[in-house]
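The values are calculated or read from the model by the stated rules, or taken from the named source; none is laboratory data. Here the structure is a predicted model, which is why all the values come from computation and not from measurement. Backbone-built Cβ (ideal geometry, glycine too); neighbour counts: all protein chains shown. Surface accessibility is based on the protein's heavy atoms, side chains included, excluding ligands, DNA and RNA. Shrake-Rupley method; radii C 1.70, N 1.55, O 1.52, S 1.80 Å.
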Amino acid sequence: MRSHHRRAAQGVAALFILAAATALGQGSPVDEIAKYRAALQDGNPAELWEARGEDMWKQARGPKKASLERCDLGLGPGVVKGAYSELPKYFADADRVQDLETRLVWCMVTQQGYTEADAKKNPFGAGNDKKADMEALVAYVTSESRGIRMNVPQSHPKEQEAYRIGEKIFYYRGGPHDFGCATCHGDDGKRIRLQDLPNLTKVDGARKAYTTWPAYRVSQGELRSFQWRLNDCFRQQRFPELEFASDASIALTMFLARNANGAEFDAPAIKR
Amino acid sequence: MDSKRRDMLKTGGGLTLLSLVAAAGWLKPGDGWAAEWNKAAFDTKSMDETLKTIGATTPAQSKDITFFSTPDIAENGAVVPIGITSAIPKTESIAILVEKNPNMLTAVFDIPPGTEPAISTRVKMGQSSNVYALVKADGKYYVASKEIKVTLGGCGG
Amino acid sequence: MADPMKIRANVVGDTTEVKVLMSHEMETGQRKDAQGKTIPAWHIQTVNATWNGKTVLSAQWGPAVAKNPFLSFKFKGGAKGDKVQITWTDTRGDTRTDEATIG
């Protein structure tokens, strides 16, 4: 349904070339994998999440029976268009740097009357029985920044602090394998099995990675948020679970989002 | 798949497909079959099983049936895009069959007059397999096939 | 209840193109849960699309149609503002109808 996915998809396909060629040990499957990915761009099931999230945004919910239509994502109450391209940022009312998820939790608590625990519950869901409201909301809000250039601020001291902490977390090594993010994402052309590992320390890699999440994961049949991606990489790194909406999570998101500045946001996308 | 089955498929694949159709009793002219799901047809488990019920005219291999937006290789078998278009006049229905799936018949589309004989959807494939496009047009059956390779891209990360 | 479909219908010249996404597990009946028990099949069986009350496509699906199904087709006729309606019914007897305005 949307053609502007295509460019990103072809970029990913290009990365896949070598891996696929080696693994299949045959002619040139490059074009075919590219064709496969291109065919999926038309009608990305992520749109089902976007639609559900939009409904949820407008519905009166929670103990206070309020919608989120007065929620200020940084561009004024109720403004969704473009909001995600400037997150995370410092919010004076919360006196804290907040990413999209933290800000949504904030609005659910202050405007809809949910407890913080309820608002944070089950952020990633699991299948049809346990669909995550959060991921649907995230799908909707992010979709409203499609085509807009990332412009994450670094003017407030707390924004600068969050970036610095995020950078530390990114390069911090630990756990049973002494892994850090940079172990897997600090070189060009690295891959695990067939998966290319983007070099997040370079502008191109950082931009493409950040601007193509959330994504509908074909392998899972689910929409997955950037937060989910981070949690999954903490798992890959054998680190303790990254606490949802924690300062550490926000800081790491700030570091990665800010490094994508200038790139056009192009998600929710579709990934393998 | 063993080579014997492959041979049968080459020579009599059409018959197999048709027998499936005939046994199921759908795709009769003017039948509004889509109102009721045809369990017998969708339960067909294998080529062998369907071969048992041969008994109608062979679908002709047709170059007028083409696959579009259908890759030769699917990165993930959970979602394989399939597009089929028929240039055969009076196309009434288009069915998708995946040879190596536990149940071969995947989907049948009824094309009323005025609707273009072209559909696209996505199917699951457990492994690399032939995919058949079976078309009924003006009471006759036609078939085309395409092999699609499935590569599962390593561990789910 | 099942989530709404996402339907797009656009007319170009004398042809309307319809694209549909449906929210459905499309459980095959082949998978096993953690306890080794087979997860029963649960999938859309029939799909019917109408334009101004006239059927423009009908389909029967087995469990091998991909999760969160996508479908696209074209029919002659249709004008901006007309309605396209799509209904599916699944193995549990659940059904869902959604409508889109041709743009």
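Working only within region C:11-23, note down all residues that are within 12 Å of chain B (Cβ to nearest Cβ) and surrounded by 18 or more Cβ atoms within 10 Å (Cβ to Cβ).
Going residue by residue through region C:11-23, those that are within 12 Å of chain B (Cβ to nearest Cβ) are C:14-22.
Matches in region C:11-23: C:THR16, C:VAL18, C:LYS19, C:VAL20, C:LEU21, C:MET22.
Would you mind stating whether C:ALA49 is open to solvent by 40 Å² or more (accessible area, probe 1.4 Å) and more than 7 Å from chain B (Cβ to nearest Cβ)?
Working: open to solvent by 40 Å² or more (accessible area, probe 1.4 Å): no; more than 7 Å from chain B (Cβ to nearest Cβ): yes.
It is false that C:ALA49 is open to solvent by 40 Å² or more (accessible area, probe 1.4 Å) and more than 7 Å from chain B (Cβ to nearest Cβ).
Open to solvent by 40 Å² or more (accessible area, probe 1.4 Å) and touching a residue at least 12 places away in the same chain (Cβ under 8 Å), is that true of A:ARG224?
Working: open to solvent by 40 Å² or more (accessible area, probe 1.4 Å): no; touching a residue at least 12 places away in the same chain (Cβ under 8 Å): yes.
Criteria not met by A:ARG224.
Results for (1) part of a strand (DSSP E or B); (2) crowded, with 18+ Cβ neighbours inside 10 Å; (3) without any contact (Cβ under 8 Å) to a residue 60 or more places away in the chain, shown as yes or no for each residue.
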position: B:GLU92; (1), (2), (3): yes, yes, no
position: B:ILE96; (1), (2), (3): yes, yes, yes
position: B:ASN103; (1), (2), (3): no, yes, no
position: B:ALA107; (1), (2), (3): yes, yes, yes
position: B:ALA118; (1), (2), (3): yes, yes, yes
position: B:ARG122; (1), (2), (3): yes, yes, yes
position: B:MET125; (1), (2), (3): no, yes, yes
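Considering only region A:39-75, how many residues are in contact with a helix residue (DSSP H, G or I) (Cβ under 9 Å, 6 or more places away or on another chain), in a loop (DSSP other than H, G, I, E, B) and more than 14 Å from chain B (Cβ to nearest Cβ)?
Final tally of qualifying residues: 9.
Testing C:ARG8 on (1) open to solvent by 50 Å² or more (accessible area, probe 1.4 Å); (2) part of a loop (DSSP other than H, G, I, E, B); (3) more than 8 Å from chain B (Cβ to nearest Cβ), one condition comes back false. Which one is that?
(2)
Got at least one residue in region C:73-80 being of a type in the set (Lys, Arg), out of contact with any helix residue (DSSP H, G or I) (no Cβ under 8 Å at 6 or more places or on another chain) and facing chain B (nearest Cβ under 7 Å)? Outline the logic, then answer.
Let us first name the residues in region C:73-80 that are of a type in the set (Lys, Arg), namely C:74, C:76, C:80.
Subsequent filtering for residues that are out of contact with any helix residue (DSSP H, G or I) (no Cβ under 8 Å at 6 or more places or on another chain) retains C:74, C:76, C:80.
Next cut, facing chain B (nearest Cβ under 7 Å) only: C:74, C:76.
Yes, some residue in region C:73-80 is of a type in the set (Lys, Arg), out of contact with any helix residue (DSSP H, G or I) (no Cβ under 8 Å at 6 or more places or on another chain) and facing chain B (nearest Cβ under 7 Å).
Taking A:GLY53 and the conditions (1) in contact (Cβ under 8 Å) with a residue 12 or more places away in the chain; (2) farther than 22 Å from A:THR115 by Cα; (3) not polar (S, T, N, Q), which numbered condition does it fall short on, given that it satisfies the others?
(2)
Got at least one residue in region C:33-44 being within 7 Å of chain B (Cβ to nearest Cβ) and touching a residue at least 40 places away in the same chain (Cβ under 8 Å)? Explain how you work it out, then say what you get.
Going through region C:33-44, the residues within 7 Å of chain B (Cβ to nearest Cβ) turn out to be none.
Among the residues of region C:33-44, not one is within 7 Å of chain B (Cβ to nearest Cβ) and touching a residue at least 40 places away in the same chain (Cβ under 8 Å), which makes the answer no.
Identify, from the list A:GLU135, A:GLU54, the residue that is closer than 22 Å to A:ILE270 by Cα and open to solvent by less than 50 Å² (accessible area, probe 1.4 Å). It would help to see each step written out before you state the result.
On the way: A:GLU54 fails: open to solvent by less than 50 Å² (accessible area, probe 1.4 Å).
Exactly one of A:GLU135, A:GLU54 is closer than 22 Å to A:ILE270 by Cα and open to solvent by less than 50 Å² (accessible area, probe 1.4 Å), namely A:GLU135.
Among the residues of region B:62-77, which ones are surrounded by fewer than 20 Cβ atoms within 10 Å (Cβ to Cβ), in a strand (DSSP E or B) and within 10 Å of chain A (Cβ to nearest Cβ)?
B:PHE68
Here's a check for you: in region B:131-149, which residue that is at pLDDT 90 or above and open to solvent by 30 Å² or more (accessible area, probe 1.4 Å) is farthest from the other protein chains (Cβ to nearest Cβ)?
Only one residue tops the list, namely B:SER145.
Condition first: away from chain B (no Cβ under 12 Å) and open to solvent by 20 Å² or more (accessible area, probe 1.4 Å). Now tell me which residues in region A:210-221 satisfy that. Talk me through it step by step, then tell me what you get.
In the first step, residues of region A:210-221 are kept if they are away from chain B (no Cβ under 12 Å); the result is A:210-215.
Of everything in region A:210-221, nothing turns out to be away from chain B (no Cβ under 12 Å) and open to solvent by 20 Å² or more (accessible area, probe 1.4 Å).
Matching residues to (1) surrounded by 20 or more Cβ atoms within 10 Å (Cβ to Cβ); (2) over 12 Å from the mean Cα position of the chain (by Cα):
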| residue | (1), (2) |
| --- | --- |
| C:PRO4 | no, no |
| C:THR28 | yes, yes |
| C:ALA34 | no, yes |
| C:VAL65 | yes, no |
| C:PHE75 | yes, yes |
| C:ASP82 | no, yes |
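Given C:THR91, C:THR16, C:THR101, which one is under 23 Å from B:ASN101 (Cβ atoms), among the hydroxyl-bearing types (Ser, Thr, Tyr) and out of contact with any Ser or Thr (no Cβ under 8 Å at 6 or more places or on another chain)?
It is C:THR91.
Inside region C:11-52, can you point out the residues that are β-branched (Val, Ile, Thr) and in a loop (DSSP other than H, G, I, E, B)?
C:THR28, C:ILE39
So which helices (runs of 4 or more DSSP H) stay within region A:91-198 end to end and still have 1 or more residues that are among the small types (Gly, Ala, Ser) and in contact (Cβ under 8 Å) with a residue 24 or more places away in the chain? Lay out the reasoning, then the answer.
Numbers: elements: A:100-110, A:116-120, A:133-143, A:157-171, A:181-185.
By residue number, A:133-143, A:157-171.
Would you pick out the residues in region B:91-123 that are charged (D, E, K, R) and modelled with pLDDT under 95? Working first, answer last.
Step one: list which residues in region B:91-123 are charged (D, E, K, R), which gives B:92, B:99-100, B:110, B:116, B:122.
Listed by number, the residues that qualify are B:GLU92, B:GLU99, B:LYS100, B:ASP110.
Pick from A:VAL97, A:VAL105, A:VAL152, A:VAL80: which is modelled with pLDDT of 95 or more, open to solvent by less than 40 Å² (accessible area, probe 1.4 Å) and within 22 Å of A:ASP232 (Cα to Cα)?
Details: A:VAL97 fails: within 22 Å of A:ASP232 (Cα to Cα); A:VAL152 fails: within 22 Å of A:ASP232 (Cα to Cα); A:VAL80 fails: within 22 Å of A:ASP232 (Cα to Cα).
Being modelled with pLDDT of 95 or more, open to solvent by less than 40 Å² (accessible area, probe 1.4 Å) and within 22 Å of A:ASP232 (Cα to Cα) holds for just one of A:VAL97, A:VAL105, A:VAL152, A:VAL80, which is A:VAL105.
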